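Inspection log for the structure reproduced underneath, given as structure tokens.
The values are calculated or read from the model by the stated rules, or taken from the named source; none is laboratory data. Worth saying up front: this structure is predicted, and the values here are computed from it rather than measured. Every residue, glycine as well, gets a Cβ built from its backbone with ideal geometry; the counts of neighbours run over all protein chains shown.
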Amino acid sequence: MGKLYQRLFPECAANGLSPFECPGVVFVFLGAVNILIILLTFFIGRQVASDELILLIIFGLSIAILLISYNVSSGLRRIAMVRRELEDERKKIATIVSQLSDGLLFLSQECRILLVNKRAEELLGIQEREVLGLPRGKNLYETFPSLLPVLEWCPTPQELKNAAEFEPVEIQVEHPAKRTLRVTTAGIRNAEGEIMGFTKTLHDTSKEKELDEMKSEFLSVTSHQLRTPLSSLRWLLELLRKGRLGEMTEEQMEVVKKMDDMNLRMIALVEDLLGATRVEQGQMQYEFGACQIENIIQQLIEDLQSQVAAKNLSLSADLQDDLPELNCDEKKIRLVVQNLVENAIRYTTRGSIVVRAFSENNQLIVEVQDTGIGLDDDEKRKIFMKFYRGKRARQLEPEGTGLGLYLIQNIVRKHGGTLSVDSERGKGSTFRVTFPLASTS
Amino acid sequence: MAEDSSTTKKRVLVIEDESALLFALKAELSHEGYSVDAALSGEEGINKAITGMPDIIVLDLMLPEMSGFDVMERLNADEHTKNIPVLVVSNLADTEHVERGKKMGAVDYLVKTEHSLEKITELLKKAIEEHV
């Protein structure tokens, strides 16, 4: 029975209507009553009395009216239910929006404000009811100056059509308090995909900046404090290694060597942390002079040969003849190349590492190519971020700080250059540094 | 090396407040054939410099009460001690400190974590050859 109903009235069945609520069923029923009446009048074998016919028609009609009114009332009930659900949904979303820890503005395509949540009111020192629907422009900005940096740029309808989300921008607002806000703009579409407007999300980064500064200060102080015990350990272990404090068994010597290695690694980590804090506090000092990049590379390759040999890798240089001189801070550029080559060694388990240097289009280019674990697209995007470490990189080398590339990218930028990476997962990576030539940075 | 007596027992004064570092420096330098005297503070260091007239001073900068820079200033101001070469061995690695140290006459400025004892000794030997 249920199956027949589903087959005959799929629309009603799909919407969960019972046969009594289904207009189709009512229609069929009315049809059947009509046919019954017609059949009765034709085949009853005698003239049907008019009062009999009227009674029959009244009977049929009353059942039809009964069904129709049941239909209508259940339809009304459903509409009320859907309306309540919608209202609940709307309230739920409104509560979520108002409770968001980020400010949120909803704007029409013409950049008129349609909604301001509580946090946005706080951040911008405005009241939703004061600004709803107002066109942007001088009048609005004179009354609500904090809206100027927020609404200065609104996407055009064409831009909204082409992109769902736009690059976040940092803005400064002075009122009601001095704040740095990161504004993200995103288009809003309805179920049919038509653009209804867009949102602007306001994230207060002032606190983050303050915290960042505190963190830098903390790192800098601790790193300085750490240097003393670390250097003490280094020297004391050296005394032991050299047998200055008496002979040791082979096993003891082995342990001391391991301790020494670990300690040196800690020293390197602390130096990384210090370097990063210096970059952040803008305290990194540079001494520019004439550099011969080929000398830096050749010296490094010589220094790192033992590390390379220990891993059965090969490390070679491919240097163009007569490389032009570079205006650089030699110590820092050495750090850049060293960092890239050491990374290549660290994240390559077999194969080779090649360091290339050549000039092209008035640029000096240094490339470090390896046959290591490589990077996927996500890792490539994040690799230069502070503290970021790829998952496989962490597995291979649990100890890194994720600061090396961040640090050297800053150094390269200070030289007016760029640092980029080309890589394929499992095949290897090529890090590429470009320096502008004939520039004094 | 110790056996190489061409370094006729040069006298080194180490001014360093961290006992572990002092112990390591003393042990290594003595082994390398130097006669080592130690001071744990700036004041003590200045007194020992004046009375002992060492051939060279190894100076830490972050000392209690009187900083290594103050010590250098006092040594420079004294007729007797102003010519004793000073080798700064410190954990302050910022350019401004390095420059200040060199400007005040340090023959070299070494950052502790960056160098092994062996390297420090080698640079000390070089400084003695050049300045004593």
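Checking each residue in region A:144-158 for being at pLDDT 90 or above and not in a loop (DSSP other than H, G, I, E, B) picks out A:Leu147, A:Leu148, A:Pro149, A:Val150, A:Leu151.
Just wondering, is there one or more residues in region A:293-310 that are outside any helix (DSSP H, G or I) and touching a strand residue (DSSP E or B) at 6+ places or on another chain (Cβ under 7 Å)? No.
Considering region A:87-125, and only residues there that are among the hydroxyl-bearing types (Ser, Thr, Tyr) and more than 22 Å from the chain's Cα centre (by Cα), the residue that is nearest to A:Leu160 (Cα to Cα) turns out to be A:Ser108. Count of region A:254-268 residues, restricted to those that are within 11 Å of chain B (Cβ to nearest Cβ) and either crowded, with 20+ Cβ neighbours inside 10 Å or in contact (Cβ under 8 Å) with a residue 24 or more places away in the chain (or both), is 5.
Hey, does region A:244-263 have a residue that's assigned to a loop (DSSP other than H, G, I, E, B) and closer than 25 Å to A:Asn327 by Cα? No: region A:244-263 contains no residue that is assigned to a loop (DSSP other than H, G, I, E, B) and closer than 25 Å to A:Asn327 by Cα.
Helices (runs of 4 or more DSSP H) fully within region B:1-115 that include at least 3 residues being within 13 Å of another protein chain (Cβ to nearest Cβ) and surrounded by fewer than 22 Cβ atoms within 10 Å (Cβ to Cβ): B:19-31, B:95-103.
Residues in region A:203-257 that are polar (S, T, N, Q) and over 17 Å from B:Asn91 (Cβ atoms): A:Thr205, A:Ser206, A:Ser216, A:Thr249, A:Gln252.
Taken over region A:279-307, residues that are without any contact (Cβ under 8 Å) to a residue 12 or more places away in the chain and within 11 Å of chain B (Cβ to nearest Cβ) amount to 2. Among the candidates A:Arg78, A:Arg112, the residue that is modelled with pLDDT of 85 or more and either among the acidic types (Asp, Glu) or assigned by TED's automatic domain parsing to the domain that holds A:Ala177 (or both) is uniquely A:Arg112. Considering the conditions (1) within 19 Å of A:Leu202 (Cα to Cα); (2) surrounded by 11 or more Cβ atoms within 10 Å (Cβ to Cβ); (3) without any contact (Cβ under 8 Å) to a residue 40 or more places away in the chain, A:Gly103 is excluded by exactly one of them, (3). Could you tell me whether any residue of region A:227-248 is away from every other protein chain (no Cβ under 14 Å) and surrounded by fewer than 19 Cβ atoms within 10 Å (Cβ to Cβ)? Yes: one or more hits.
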